[in-house]
Structures are given as C-alpha cells and as structure tokens.
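Notes follow once the structure below has been shown.
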Amino acid sequence: MSVKPEESQPEQKSQEIRYVNLYESEEKVYIRRITGFYQRLRRYISSPLMLGFLLMPWLVIDGRPAMLFDLPARQFNILWVTFSPQDGVYLAWLLIIAAFLLFTVTVMVGRVWCGFTCPQTIWTQMFIWAELLCEGDRNKRIKLDAQAWSLEKFSRKAGKHLIWVSIAFITAITFVGYFTPIRELVAGFFTFDLDLTAVFWVLFFTGATYGNAGFMREQVCKYMCPYARFQSVMYDHDTLTVFYDKERGENRGPRKSTEDYKAQGLGDCIDCSWCVQVCPVNIDIREGLQAECIDCGLCVDACDSVMEKMNYPLGLISFTTEGAAAKKKVKILRPRVLGYGAVLLIMVATFVYSLATRMPLLVEVIRDRGTQMYRISDGHVSNVYTLKIENLDRKTHVYDVSVSGDYVFEVDGYKAPPVLEGEIINLPVRVVTSRSELKGEKNTITFKVVPRENPEIVVLRSTTFIGPSK
C-alpha cells in the first residue's frame, strides 16, 4: 500500500534535523572539581606512572641509561638487556601481549585503562589542575570567559598557559630523552649546543602535548581513539563498568532534602547534573552506556557526594555489571575471561622463557662471492668469508672461531679482537683444507663462535665451501 505525499507531510514537519560536527566540540567543556574515592584512586595509580616516566631516562645501570632507544647505533637498552633490530620479534611479541592484556582487562572491568592510566587522561587532568589553580572552579571559569578582557583576566589566562607550556616542554624533553641521552639533551638546551633534529622533536612534542591536553581533550577520546570504537565488542553482561540505576533514579527532579519526594513520583536523582559537569568527555551517564565513557568514576564520586548531602543511600551511579543491575547472577569466571586469560598466560610464559634463554651473541656468515670463489695454493684450497659478530652482552668479549665439516678444515690467520658491548664488527676469515682430501665441488662447513670469557655460549652457523670440480 503506497502512502500519498500529502499524508506524509505532517510527519516530515515534525522531524527536526540537527547537524553535528563530529570533529569539533559543540561548546567548551568546563569540568567541575570533585573529590572522592575514585579521584584519589586515580591519583595513587597515575602518580607512580608519572614518576617512572620522568625518572627512567635519568637512571643509570652499569654506566649506561636504563632506558635508551639509540636509533643511530641500532641499540635498544631496556634495564639490564640490550636489544638489536634483529630482536624486533620481541617487540612484536610484547605488543601482542599488551593487546591481549588490554582485552582481558576490558572484558573484566571495562575501560579502566582509559580512566586511570591512559596518558591522554593523565595529562588532561594535569592541565585541568592548572586551570583550577589559575582560574578557579567551574563557575568561576565560566564567568571569567564571559567577562571582557582585563588585566586580571589576562594574567590568569597567561599564568594557565605558562603552566601548560611548562608541562608540555618537560613532557617533550623527557620523551625525546628516551631516544637521546637526556643529560646531553638538557645540557644542550642551556648551552645552545643541540642537534637540530633533537630541537625539532622537542618542539613538536611540546606542541602536540599542549594541543592534545589543553584544547582537544575529550575529542581525542571521542573521535580519535580507536579503543572506544571496538570496546563494545569485548563487553558482555558481566563486564564491570559505570552504570546509572534508572529504576531507582527516575523520575528525576529537584526537591528539598526534607520533602517526601516519593509521594511526588520522583526517584533519587535530583537532576543536579553534577555527573555531567565532572565528566571529562562531557557525556550524561544517565542516558545509558556510551562508547565515549572512559570509566574514570568521577560521576560516581560526584553522585555519591550529592547523595550524602541529601541523606540518600549511595550507589545511584556505581561501578557494577549489567547483570547485577538487572538483579541477575554475576559470572566472574566465564568462557571469554578464561580464554583471554589462558592465551595471555601462555604468551607471557613463552616470552619470559625466550628472553631468559636469549643468546647474547649474533653471528652471520657471508661467503665471498667475488669472481674468484676459491683459491688453490701449495696443494690447499681456501675460501674467504666475512663473519659479522654482534655483541649483545653488557661486557666486552673476545670470540674464538673454529670450523668443522666432512674433512679437515682450518681457520687461517684469524686474530680474535675484543668486541665492546653492543658493538658490531666484520671479520674476514680464510678457511683452508687439503685439495687431496676435498672430494666434491660444494661442501657444507660449520663455523663455531665461542666467547672466550663465557665458553658455555656457543653459536653455530653453516655455510658452503667451494672447491674445484676435479
């Protein structure tokens, strides 16, 4: 059955079209200051992480930075271990473990990573602290922005931006300090003796931090972070997250603490909007679970403080599960959690075992492929090889080289030089055998490289020895 155009017109007129710019906040978000359990918990969690980030480049272990990713030298020092580009598999393995750890945590307790440990959240809170220090709480900031420019407004705004730039600069120089020795980097800024590349990256990350934490803020979480886009796939009815108890809270409405609000058909929510005013991503948790929610718990602290003032029971907004909110039995050990946990445990165990048994020596054998593949002299046949030795240990070593095969092979004229920690050397090696013993044109030989100071470490590399056909 078709609908006549004139019959559909009333419905079309009742519809309201609203255009939303997905990459720009509709209005400036003014965060209200709040204290409570989850605010303190986030401070206790983020403070050690911040200290670790700031202090790690300054720590020295065995005379070298505890954490330094030296790209020109192709060395990556992480605590007591030195990695090389050939160890990239460990980095890939570590990233996969981190991903599965994130999946496991998300299935169990939602987006607590975003709310408590994400750098975007932590740096945004530091910038908000600067706003509170210079401009005051939410209502004062709104009034200040509405005022005409004056000396007081300029000084407050300038003080805020000065703190923002200082935090951003310290962040940038610390981050670049993970790739350049930070003592040389900081000294270079005071003596104006810096590589232009280091200056560029310090200024770049200063600007990026200043923009992200100072202005973009919730837009990063809403539109740029991919985690918010796929988190709903990992949620289930037993995932712990922030929920608003609609059955208890509705209908909303203002009232006095002495009134019998239930007789008026009202719920416990007084519609004060504090849960919205403290939200760093500017959402209303009362509208249900939303992808933008970062599970920071600030709305829980705000609502609990209001409930205390009204002498109502706490927990109108709380960390709970959808199943518990629906008065259903909560399952902690469910198949998805067990599956992620088992895979994570196996991967961590494999990674630790592989790292513990990692050989601190890399050897590559390259046979000389010049026009003269072999040389005959005094009844002997010789081939020339290049041994590429990389010392991944934290000590200097001297490496002894021997060769074996189906016949008697000898290393001619090899002198073992000391190889410094992290050093890569190329050594020419000549292998000689008797022509009378050599039966075939192609023969397999094996190089054996052993550090003289640590003989239990043995590296074997096979290659081909070329001889005359007759």
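In this structure, the amide hydrogen of Tyr414, modeled 1.01 Å from its nitrogen in the peptide plane, lies closer than 5 angstrom to no residue at least 5 positions away or on a different chain. Across Trp274, Trp113, the residue with the most accessible area heads the list, and the full order at a 1.4 Å probe is Trp113, Trp274. The translational diffusion coefficient of the stretch 225-275, from Stokes-Einstein at 25 °C and 0.890 mPa s with a Kirkwood hydrodynamic radius over alpha carbon pairs, comes to 181 µm²/s. Divide the volume of the convex hull around the Cα atoms of the stretch 123-177 by the residue count and you get 68 Å³ per residue. Compute log10 of I(q)/I(0) for the stretch 77-173 with the Debye formula, placing one identical point scatterer on every Cα and leaving out solvent, at q = 0.17 Å⁻¹, to two decimals. After summing over all Cα pairs, the log10 values are -0.90. If you take the Cα centroid of the stretch 227-285 and the Cα centroid of the stretch 388-447, the two points sit 72 Å apart.
Put Arg32, Arg375, Arg42 in order of accessible area, highest first, and with a 1.4 Å probe you get Arg375, Arg32, Arg42.
Values of log10 I(q)/I(0) for the stretch 140-218 across q = 0.11, 0.27 Å⁻¹ run -0.40, -1.22, by the Debye formula with one identical scatterer at each alpha carbon and no solvent. 3J(HN,Hα) along the stretch 66-83, derived from phi through the Karplus expression 6.51 cos²θ - 1.76 cosθ + 1.60 where θ = phi - 60°, amounts to 5, 9, 8, 9, 7, 5, x, 8, 6, 10, 10, 8, 10, 6, 9, 10, 10, 10 Hz, with x in place of Gly and Pro.
A Cβ-based charge dipole, computed about the Cα centre of the stretch 355-470 with Lys and Arg at +1 and Asp and Glu at -1, lands at about 300 debye. For the stretch 375-444, the share of accessible area belonging to carbon and sulfur comes to 45 percent (1.4 Å probe, ligands and nucleic acids excluded). The chymotrypsin sites (Phe, Trp or Tyr not before Pro) found in the stretch 123-212 that occupy coil by DSSP, while having at most 11 further C-beta atoms within 10 Å, are Trp149, Phe192. Annotation for the stretch 254-329: trypsin sites (Lys or Arg not before Pro) lying in DSSP loop with at most 12 further Cβ atoms inside 10 Å of their Cβ are Lys256, Lys327, Lys328, Lys329.
Between amide H atoms placed 1.01 Å from N, distances below 5 Å from Gly315 occur with no residue 5 or more places distant or on a separate chain.
Rounded to the nearest 500, the helix-only mean residue ellipticity at 222 nm of the chain stands at -12500 deg cm²/dmol, with each DSSP H run of n ≥ 4 adding -39,500 (n - 2.57). Across the stretch 236-245, rounded Karplus estimates of 3J(HN,Hα) from the backbone phi angles (6.51 cos²θ - 1.76 cosθ + 1.60, θ = phi - 60°) give 9, 5, 10, 7, 7, 7, 7, 10, 9, 7 Hz, Gly and Pro being marked x. Rolling a 1.4 Å probe over the protein heavy atoms leaves Leu49 with an accessible area of roughly 90 Å². Site pair Arg255 and Arg452 shows an inter-label distance of 8.9 nm when each label is modelled 7 Å from Cα along Cα→Cβ. Heavy atoms of the protein chains alone define the surface here; on that basis the stretch 220-288 has 50 Å² accessible area per residue at 1.4 Å probe size. The solvent-accessible area of Thr320, taken with every protein chain present and a 1.4 Å probe, is close to 30 Å².
With viscosity 1.002 mPa s and temperature 20 °C, the Kirkwood radius over alpha carbon pairs of the chain converts through Stokes-Einstein to a diffusion coefficient of 75 µm²/s. Here the Karplus curve 6.51 cos²θ - 1.76 cosθ + 1.60, taken at θ = phi - 60°, turns the phi angles of the stretch 294-301 into couplings of 9, 6, 7, x, 5, 5, 5, 4 Hz, with x standing for Gly and Pro. The charge dipole of the chain, taken about the Cα centre with unit charges on the Cβ atoms of Lys, Arg (+1) and Asp, Glu (-1), comes to about 280 debye, rounded to the nearest 20. Shape annotation for the stretch 329-452: C-alpha extents along the principal axes are 88, 35, 25 Å, from largest to smallest.
On the stretch 53-161, 74 percent of the accessible area sits on carbon and sulfur atoms, based on a 1.4 Å probe. Looking at the stretch 53-89, the chymotrypsin sites (Phe, Trp or Tyr not before Pro) that sit in a DSSP loop and have at most 12 other Cβ atoms within 10 Å of their own Cβ are Trp80.
Probing with 1.4 Å while keeping every protein chain in the model, the per residue accessible area of the stretch 362-430 equals 57 Å². Taking square-rooted eigenvalues a ≥ b ≥ c of the alpha carbon gyration tensor, is the stretch 208-334 rounded, prolate or oblate, where a/c under 1.5 means rounded and, failing that, a/b exceeding b/c means prolate? Since a/c reaches 1.5 but b/c is at least a/b, the shape of the stretch 208-334 is classed as oblate.
The values are calculated or read from the model by the stated rules, or taken from the named source; none is laboratory data. Because the structure is predicted, anything quoted here is derived from the model rather than measured. Positions of Cβ are backbone-derived with ideal geometry, glycine not excepted, and every protein chain shown enters the neighbour counts. The area values use the complete protein model at the heavy-atom level, side chains included, leaving out ligands, DNA and RNA. Shrake-Rupley method; radii C 1.70, N 1.55, O 1.52, S 1.80 Å.
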